[in-house]
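Each reported figure results from applying straightforward, stated rules to the coordinates on display, with no laboratory input. The shown structure was predicted, so the numbers you read here are calculated from the model rather than taken from an experiment. Cβ atoms come from the backbone with ideal geometry, glycine included; neighbour counts cover every protein chain shown.
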Amino acid sequence: MWTYTLRRVFAAIPTVLVVITVCYLLLHATPGGPFDSDRKVSAAVLANLEAKYHLDLPLWQQYLLYLKGLLQGDLGASFRYADWSVNDLVAAALPVSLSIGGIAMVISVLVGVSLGIFAALRQNSVIDHFVMLLGNVGSAVPSFVLGPVMIIIFAIALKWLPAGGWHDFEFRFMILPIALLTIINVSTIGRVMRGSLIEVMHSNFIRTARAKGLPTRVVVLRHALKPALLPVVSVLGPLAISSITAALVTETVFSLPGLGKLIVNGAGNRDYTLVLGLVVLITVLTVTLNLLVDLAYAWLDPKIRY
Amino acid sequence: MQLRIHLTAIAALTLALAGASHAADLPPGTQLHPTQTFVRSNGSEPESMDPAVAETVPANQILRDLFEGLTATDTTGKTVPGVAESWKQTNPTTWVFKLRTNAKFSNGDPIVAEDFVYGIRRFVDPKTASPYAATFGVFLLNGLEVAQGKKPPTELGVKALDKYTLEIKTQDPVLFLPELVANTQLGPVHKATVEKWGKDWVKPGNMVGNGAFVLKDWQVNNRIVVEKNPQYWDAANVRLTKVTYLPIEDQFADIKLWESGETDYVYQMPPGVFDKYKAQYPKELRNQAIIGVRYYDYQTKDPAFKDVRVRKALSMVIDREILSKRVTADGQPPAYSLIVNGVVGADPTPYEWSTWPMDKKVAEAKKLLEQAGVKPGTKYSFSYNTSEYHKKMAVFVASEWKTKLGIIMETETMEFKVLAKKRHDGSFQIARNGWLADYNDATTFLALVRCDSDQNTNFHCNREAEALIQKGNPLTDPAKRKTLLTQASKMILDDYPIIPLVQYSLPRLIKSYVGGYSELNPQDHYRSKDFYIIKH
């Protein structure tokens with residue numbers, strides 16, 4: 001397994017490089033530059049700005065300079081936020097996104113898997129209908145509707161929680177965003193878990209286990225759970241990525257200083273270095289999570305060996 | 001000759017307001033709240049806290065608290081003394097500012113004339129790469145050449161006559177120079193701090209400013225906290241002890257935070273909710289027109305818009321009253337002129353047809369189109385940047401043209417940066433545009449339609465009007481200058497290079513316990529110095 005992990009880590013390097021290169025070219029090919037605005041700046045000012053960010057060099061030289069910086073862990077200076085480096089901006093936003101997205105993921109897995117199990121075992125019962133309703137509501141009602149409704153209820157009407165903002169990891173500011181992300185994720189995890197467990201419960205080896213007279217608890221926990229978790233694990237990777245790096249709506253609704261807002265604003269402002277820096281970060285996160293998912297497969301399914 | 005006659009008038013204008021303090025004047029009987037803290041939404045994250053580099057409204061809003069220029073703007077928009085306690089125009093192109101001797105930087109160092117010389121040179125120097133370098137620099141002697149890198153910054157028309165006397169020489173007579181130097185871009189900078197910290201001089205702990213507040217905390221994309229500056233010369237009249245600026249971009253989130261009590265001040269209301277909130281919060285919903293105009297540009301070099309009759313016909317039939325009351329529905333007054341109400345230096349020149357009944361306008365417009373050979377069914381392309389607001393306006397205008405003239409407007413939506421480039425390149429037929437005054441004088445608006453102006457994105461040029469502007473602008477008699485600039489503005493507008501639509505206004509919710517907001521500040525240049533929290 002270690003050789004496999006190491007092989008995967010090395011294989012990730014060209015992936016990251018390809019992603020950076022494609023993004024680099026796409027960003028520079030997009031019409032409109034970082035210094036296009038209502039007010040046209042003088043040629044001398046523009047020349048100085050371009051020199052500052054190496055935009056006066058040929059594209060390939062800029063690209064090599066960027067890679068050189070990247071190897072030294074320097075993501076460059078932000079085009080838009082002149083007083084900050086991209087490292088500063090990422091360092092400020094990543095903990096916010098990681099804590100909101102990370103906590104929401106852990107809760108979602110626990111709640112989603114449990115609800116899925118209950119629903120599958122009591123198919124067509126009240127609890128099953130409830131889980132399916134929750135699943136459908138979570139998928140059908142967009143977060144930009146659900147979020148403001150939560151704010152109106154819990155912040156404006158009941159005044160229990162703040163309507164948004166971020167105060168140094170103070171928990172009351174985290175509750176509503178985590179709840180919103182959790183509702184969205186639970187609906188997916190719950191539905192997948194339910195479907196998968198129902199299918200597993202109808203397989204031959206479960207019938208054998210039952211025939212041996214094992215109690216339901218043992219049949220489910222020891223025999224059915226592991227194979228039923230496989231599809232859930234498959235959706236966890238992309239779900240975690242979207243909860244951490246692309247929770248744009250949640251960040252906007254609750255005014256959170258996270259990564260999602262940074263990347264959208266970065267793209268709109270043509271902040272080349274900021275967007276590239278975030279792309280590097282998201283690529284590394286994606287590759288890492290995919291690797292973890294693959295390793296989890298081996299643990300869940302004895303047929304898979306690396 | 002003209003100049004000499006008016007020198008006496010200028011001398012009469014000389015101000016001597018030594019020692020005057022202009023902070024929040026409390027209405028009689030006002031009881032202050034024991035905690036003077038204020039939380040305000042500020043739209044978006046400022047791009048920089050360096051006064052020379054800052055460009056956007058949110059950045060300048062905070063900078064007016066952290067820095068103070070020679071003059072400042074009070075809550076009603078009036079120019080009041082800042083670091084300079086008095087000033088006079090000694091000849092048409094020379095101004096002398098007398099600095100107050102008790103003005104200090106936040107670290108206790110006295111502010112001397114050399115600090116202004118350093119700050120202004122640094123701002124115009126192309127090495128600083130300030131987007132405003134040429135906009136404001138153009139008024140100073142040699143300013144444009146310095147901004148273009150053709151002359152060294154030492155050639156700029158700013159000089160310290162002695163420790164507390166600053167001389168500013170302008171390229172041409174600039175009547176509104178005292179208003180102009182209220183901008184923090186033209187303020188003092190603490191040289192030792194900049195040299196010590198480099199670009200990090202603007203970070204909390206490093207920054208040395210001279211405003212009524214000092215920078216305490218800056219969490220990027222999250223909050224900027226400023227606290228009262230005890231070294232400020234007028235600290236005795238500053239009531240607020242702490243102001244928190246939140247960069248809230250989503251306008252609905254902004255309202256929710258205000259309703260839940262997290263903030264005291266909404267940056268700007270989204271379109272379409274004005275009436276609803278006016279009914280719900282009649283006392284808290286404040287609205288003020290500011291000097292700015294939303295308009296559409298014609299690309300006048302495009303063969304389709306070479307004929308002024310076409311441009312006039314299309315402009316005439318747009319019902320600005322309905323646009324303002326029903327479409328944007330946020331209290332923005334209709335505009336029939338480039339110069340809007342509240343602008344100094346020229347009067348609005350509304351079109352004579354603005355008061356005609358719509359039937360008459362449509363009949364006239366149809367006639368004009370027929371004369372120009374434009375048939376119903378003709379298509380024009382319209383470019384705008386993606387935004388609900390601009391979309392609403394575009395859909396309305398398109399329907400006006402379709403139903404009244406049979407003209408088809410094909411809309412093309414894009415990102416702001418793409419639109420900005422298209423406009424400057426002239427690669428459009430009709431494009432959305434808008435302008436907020438950089439300073440309160442007609443010339444900031446005329447720059448949008450003048451010949452050879454970088455900001456002219458309709459590419460129209462009326463040489464006769466340009467000659468009038470060049471003749472009128474340097475005049476030192478405000479009345480004569482105004483007459484000529486108004487005349488020029490009317491001449492240009494009669495060529496229909498643009499379609500003025502509505503004047504900007506700022507509807508916002510402000511808690512009733514926030515005092516000092518006047519609704520009279522035409523550029524929205526409020527300083528936290530003028531705000532206070534009433535007992536509640």
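For chain B, what value does the Rg/Rh ratio take when both radii are computed over Cα atoms and Rh is the Kirkwood radius, given to two decimals?
On the way: Rg = 24.0 Å, Rh = 24.6 Å.
Taking Rg over the Kirkwood Rh, I get 0.97.
Hey, how many Å between the Cα centroid of the stretch A:202-267 and the Cα centroid of the stretch B:459-511?
Comparing the Cα centres of the stretch A:202-267 and the stretch B:459-511, I get a distance of 62 Å.
How do B:Tyr513, B:Tyr298 rank when sorted from fewest to most other Cβ atoms within 10 Å of their own Cβ? Write down the numbers at each step before the final one.
On the way: B:Tyr513 14, B:Tyr298 28.
If I rank by nearby Cβ atoms, fewest first, I get B:Tyr513, B:Tyr298.
How charged is the neighbourhood of B:Trp435? Take every other residue with its Cβ under 11 Å from the Cβ of B:Trp435, and add Lys/Arg as +1 and Asp/Glu as -1.
On the way: positive: A:Arg39, B:Arg294; negative: A:Asp38, B:Asp297, B:Asp438.
Here the charged neighbours net out to -1.
In µm²/s, what is D for the stretch B:48-126 at 20 °C and 1.002 mPa s, where D = kT/(6 pi eta Rh) by Stokes-Einstein and Rh is the Kirkwood radius from Cα pairs?
On the way: Rh = 14.0 Å.
Once the numbers are plugged in, D ends up at 153 µm²/s.
How far apart, in nanometres, would the label points at B:Lys325 and A:Leu6 be if each is projected 7 angstrom from Cα along the Cα-to-Cβ direction?
7.9
Which residue, A:Asn290, A:Asn124, A:Asn87, tops the fluctuation ranking in a GNM of chain A built on C-alpha contacts under 10 Å?
Maximum among the listed residues: A:Asn124.
Using amide H atoms built 1.01 Å from N in the peptide plane, name the residues 5+ places from B:Val158, or on other chains, whose amide H lies under 5 Å from its own.
Counting only residues 5 or more places away or on other chains, the set is B:Lys169.
Could you pull out every residue, at least 5 positions away or on a different chain, whose amide H is within less than 5 Å of the one on B:Gly434? Hs are placed 1.01 Å off N in the peptide plane, and Pro or chain starts have none.
B:Tyr295
Rounded to the nearest 500, what is chain A's calculated 222 nm mean residue ellipticity when only DSSP H runs of at least 4 contribute -39500 (n - 2.57) each, over all residues?
Details: 12 runs with 215 residues, N = 306.
Calculated mean residue ellipticity at 222 nm is -24000 deg cm²/dmol.
Mind checking the log10 I(q)/I(0) for the stretch B:135-223 at q = 0.11, 0.15, 0.19 Å⁻¹? Debye, one equal scatterer per Cα, no solvent, two decimals.
-0.44, -0.77, -1.05
I need B:Glu352, B:Glu145, B:Glu155 ordered by Cβ neighbour count within 10 Å, fewest first.
On the way: B:Glu352 9, B:Glu145 17, B:Glu155 13.
Going from least to most buried by this count: B:Glu352, B:Glu155, B:Glu145.
How long is the stretch A:169-284 along each principal axis, judged by its Cα atoms, biggest number first, in Å?
Principal extents (largest minus smallest coordinate, Cα): 64, 31, 19 Å.
Could you run the Debye sum over the Cα atoms of the stretch B:65-209, one equal point scatterer each and no solvent, and tell me log10 of I(q)/I(0) at q = 0.11, 0.14, 0.19 Å⁻¹, two decimals?
-0.38, -0.62, -1.17
Remind me, relative contact order of chain B in percent, using alpha carbon pairs under 8 angstrom and six or more residues apart? Don't skip to the end; give the middle numbers.
Details: 1140 pairs, mean separation 110.4, N = 536.
Here the relative contact order equals 21 percent.
Divide by every residue of chain B the summed helix terms, -39500 (n - 2.57) for each DSSP H run of at least 4, and state the resulting mean residue ellipticity at 222 nm, rounded to the nearest 500 deg cm²/dmol.
On the way: 16 runs with 154 residues, N = 536.
It lands at -8500 deg cm²/dmol.
Convex hull over the alpha-carbon atoms of the stretch A:83-174: what's its volume per residue in Å³? Show your work: numbers first, answer last.
On the way: hull volume 12.8 nm³, N = 92.
With only Cα atoms used, the stretch A:83-174 gives 139 Å³ per residue.
So how do B:Asp200, B:Asp65, B:Asp125 line up by other beta-carbon neighbours within 10 Å, fewest first? It would help to have the intermediate numbers written out before the result.
Values: B:Asp200 13, B:Asp65 26, B:Asp125 23.
By the 10 Å Cβ count, ascending, the order reads B:Asp200, B:Asp125, B:Asp65.
Please list 3J(HN,Hα) in residue order for the stretch B:337-351, calculated via the Karplus relation 6.51 cos²θ - 1.76 cosθ + 1.60 where θ = phi - 60°; whole Hz, with x for glycine and proline.
3J(HN,Hα) across the stretch B:337-351, in whole Hz: 8, 6, 7, 9, 4, x, 7, 8, x, 6, 9, x, 10, x, 4.
Give me the angle, in degrees from 0 to 90, between the Cα long axis of helix A:2-29 and the longest principal axis of the Cα atoms of chain A, rounded to the nearest 10.
Roughly 50 degrees, rounded to the nearest 10.
Choose one answer from A:Gly165, A:Gly190, A:Gly138: the residue with the largest mean-square fluctuation in a GNM of chain A with alpha-carbon springs under 10 Å.
A:Gly165
Relative to the longest principal Cα axis of chain A, at what angle does helix A:272-300 sit, 0 to 90 degrees, rounded to 10?
The two axes meet at around 20 degrees.
Radius of gyration and Dmax for the stretch B:441-536's Cα atoms, expressed in Å?
18.9, 59
If amide H atoms are built 1.01 Å from N in the plane of the peptide, which residues on other chains or at least 5 residues away come under 5 Å of the amide H of B:Gly515?
Under 5 Å from the amide H of B:Gly515: B:Tyr532, B:Ile533, B:Ile534.
Specify whether the C-alpha gyration tensor of the stretch B:314-467 places it in the rounded, prolate or oblate class, a ≥ b ≥ c being the square roots of the eigenvalues: rounded for a/c under 1.5, otherwise prolate if a/b is larger than b/c and oblate if not. Intermediate results must be reported in sequence, preceding the final value.
Numbers: a/c = 1.35, a/b = 1.21, b/c = 1.11.
Cα axes put the stretch B:314-467 in the rounded bin.
Choose one answer from A:Val280, A:Val19, A:Val41: the residue with the largest mean-square fluctuation in a GNM of chain A with alpha-carbon springs under 10 Å.
Of A:Val280, A:Val19, A:Val41, the most mobile in the Gaussian network model is A:Val41.
Points 7 angstrom from Cα along the Cβ direction at A:Val284 and B:Phe459: gap in nanometres?
4.7
Quick one: net charge of B:Asp319's neighbours, Cβ under 11 Å, K/R +1, D/E -1?
On the way: positive: B:Arg320, B:Lys325, B:Arg326, B:Lys361, B:Lys404; negative: B:Glu321, B:Glu400.
Within the 11 Å Cβ shell, the charges total +3.
Do me a favour and compute the ellipsoid semi-axes for the protein assembly as shown from its Cα gyration tensor, root of five times each eigenvalue, largest one first, whole Å. Can you show the working numbers first?
Details: eigenvalues 573, 216, 154 Å².
Largest first, the protein assembly as shown gives 54, 33, 28 Å.
Can you compute 3J(HN,Hα) from phi for each residue in the stretch A:33-45, using the Karplus curve 6.51 cos²θ - 1.76 cosθ + 1.60 with θ = phi - 60°, rounded to whole Hz and x for Gly and Pro?
x, x, 9, 7, 7, 3, 8, 7, 7, 5, 4, 5, 5
Restricting things to alpha carbons, find the Rg to Rh ratio for chain A using the Kirkwood radius for Rh. Write down the numbers at each step before the final one.
Working: Rg = 23.6 Å, Rh = 22.2 Å.
Rg divided by Rh gives 1.06.
May I ask you to evaluate 6.51 cos²θ - 1.76 cosθ + 1.60, the Karplus curve with θ = phi - 60°, for each residue of the stretch B:132-142 and list the ³J(HN,Hα) values in order in whole Hz, giving x for glycine and proline?
9, 3, 7, 4, 8, x, 4, 7, 7, 4, 6
Please compute the contact order of the stretch B:310-407 in relative form: average sequence separation of alpha-carbon pairs under 8 Å and at least six residues apart, divided by the residue count, as a percent.
On the way: 87 pairs, mean separation 35.7, N = 98.
Computed over the stretch B:310-407, the figure is 36 percent.
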